[in-house]
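*Asks:* Below is a structure I'd like to ask you about.
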Amino acid sequence: MAAKFNDSIVNKVKELERERFRAMVDADGEQLEALLSDNVSYIHTNGKRENKAQLLAAITNGKRRYRQIEVQTQDILLAREDTCIVTGRALVELEANSGVLLFLIAYTAIQVHEKAGWRLAAWQATRCATD
């Protein structure tokens, strides 16, 4: 029974991660609002930390325009019944003032189960070294 419960949570979190990446590419503020914890801490590959309002504003006003976020690998650890640790690598393409950027990242995300459901509480990413 516990294994089915664990698999159910892991599958739900995996789907929510896909939905979040899709919402970032689509600049879907309403969907992101639902998927992010009110107290989310979002740390970008350059070390810049944003809260929920800052992240939503940057994406929805076009300041940060994601073209694609393609998950390469992803592992999900159910740390507790209400907490999942997600680690992975993704290929990110975004438009910046200097042009289009394409880079591979390694990331850690913490998903927590709140009253509103599973939501992203923390994100930290770094660019992967290029050979």
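*Asks:* Restricting to region 5-55, give me the number of residues that are among the hydroxyl-bearing types (S, T, Y), part of a helix (DSSP H, G or I) and closer than 24 Å to C128 by Cα. Quick ask: steps written out before the conclusion?
*Replies:* Applying the first criterion (among the hydroxyl-bearing types (S, T, Y)) to region 5-55 yields 8, 37, 41-42, 45.
Then keep just the ones that are part of a helix (DSSP H, G or I); that gives 8.
Restricting the remaining residues to those that are closer than 24 Å to C128 by Cα gives none.
Final tally of qualifying residues: 0.
*Asks:* Next question, about the same structure. Restricting the search to region 77-107, which residues are of a type in the set (V, I, T) and under 13 Å from the mean Cα position of the chain (by Cα)?
*Replies:* Of the residues in region 77-107, the ones of a type in the set (V, I, T) are 83, 85-87, 92, 100, 105.
Of everything in region 77-107, those that are of a type in the set (V, I, T) and under 13 Å from the mean Cα position of the chain (by Cα) turn out to be I85, V86, T87, V92, I105.
*Asks:* Something else about it: For residues in region 59-77 being surrounded by fewer than 16 Cβ atoms within 10 Å (Cβ to Cβ) and of a type in the set (A, V, I, L, M, F, W, C), which is farthest from W118 (Cα to Cα)?
*Replies:* Checking each candidate, the answer is V71.
*Asks:* On the given criteria, is L91 without any contact (Cβ under 8 Å) to a residue 24 or more places away in the chain, over 14 Å from W123 (Cβ atoms) and surrounded by 12 or more Cβ atoms within 10 Å (Cβ to Cβ)?
*Replies:* Working: without any contact (Cβ under 8 Å) to a residue 24 or more places away in the chain: yes; over 14 Å from W123 (Cβ atoms): yes; surrounded by 12 or more Cβ atoms within 10 Å (Cβ to Cβ): yes.
Answer is yes for this residue.
*Asks:* Of everything in region 101-131 that's of a type outside the set (G, A, S) and not in a strand (DSSP E or B), which residue is farthest from R49 (Cα to Cα)? Lay out the reasoning, then the answer.
*Replies:* Going residue by residue through region 101-131, those that are of a type outside the set (G, A, S) are 101-105, 107-108, 110-115, 118-120, 123-124, 126-128, 130-131.
Next cut, not in a strand (DSSP E or B) only: 115, 128, 130-131.
On the way: K115: 25, C128: 19, T130: 24, D131: 27 Å.
So, considering only residues that are of a type outside the set (G, A, S) and not in a strand (DSSP E or B), the one farthest from R49 (Cα to Cα) is D131.
*Asks:* While we're on this one: For region 15-24, what are the residues that are free of Cβ contacts under 8 Å to residues at least 60 places away in the same chain and either surrounded by fewer than 17 Cβ atoms within 10 Å (Cβ to Cβ) or not hydrophobic (A, V, I, L, M, F, W, C) (or both)?
*Replies:* Looking only at region 15-24, we keep the residues that are free of Cβ contacts under 8 Å to residues at least 60 places away in the same chain, and these are 15, 18-19, 22-24.
Passing the criteria: E15, R18, E19, R22.
*Asks:* Need the failing condition index for D75 against (1) part of a strand (DSSP E or B); (2) in contact (Cβ under 8 Å) with a residue 40 or more places away in the chain; (3) under 17 Å from L120 (Cα atoms), just the number.
*Replies:* Only one criterion in (1) part of a strand (DSSP E or B); (2) in contact (Cβ under 8 Å) with a residue 40 or more places away in the chain; (3) under 17 Å from L120 (Cα atoms) is unmet by D75, namely (2).
*Asks:* Another question about this same structure. So which residues in region 32-56 are surrounded by 15 or more Cβ atoms within 10 Å (Cβ to Cβ), within 24 Å of V100 (Cβ to Cβ) and not aromatic (F, W, Y), if there are any at all?
*Replies:* L32, I43, H44, T45, E50, L55, L56
*Asks:* Can you pull out every residue in region 78-100 that is closer than 21 Å to I9 by Cβ, touching a strand residue (DSSP E or B) at 6+ places or on another chain (Cβ under 6 Å) and in a strand (DSSP E or B)?
*Replies:* Our first condition is that a residue be closer than 21 Å to I9 by Cβ; within region 78-100, this holds for 78-88.
Restricting the remaining residues to those that are touching a strand residue (DSSP E or B) at 6+ places or on another chain (Cβ under 6 Å) gives 78-79, 82-88.
Answer for region 78-100, where residues must be closer than 21 Å to I9 by Cβ, touching a strand residue (DSSP E or B) at 6+ places or on another chain (Cβ under 6 Å) and in a strand (DSSP E or B): L78, A79, T83, C84, I85, V86, T87, G88.
*Asks:* From the set of residues in region 94-125 that are of a type in the set (S, T, Y) and closer than 22 Å to L32 by Cβ, which is surrounded by the fewest Cβ atoms within 10 Å (Cβ to Cβ)? I'd like the intermediate steps shown before the answer.
*Replies:* Within region 94-125, the first condition is being of a type in the set (S, T, Y), and the residues that meet it are 98, 107-108.
Subset that is closer than 22 Å to L32 by Cβ: 107-108.
Values: Y107: 19, T108: 14.
Looking at the filtered set, the residue picked out is T108.
*Asks:* Here's a follow-up. State which residue pairs qualify: first residue touching a residue at least 24 places away in the same chain (Cβ under 8 Å) and inside region 100-112, second residue among the hydroxyl-bearing types (S, T, Y) and buried (at least 18 other Cβ atoms within 10 Å of the Cβ) in any location, beta carbons under 9 Å apart, and separation of 6 or more residues or different chains.
*Replies:* Here the result reads none, with nothing in region 100-112 linked to a residue that is among the hydroxyl-bearing types (S, T, Y) and buried (at least 18 other Cβ atoms within 10 Å of the Cβ).
Laboratory data are not the source of any read-out in this text; all were calculated from the coordinates shown. Everything numeric in this text was worked out from a predicted model, so none of it was measured. Glycine also receives a Cβ, built like all others from the backbone with ideal geometry; neighbour counts cover every protein chain displayed.
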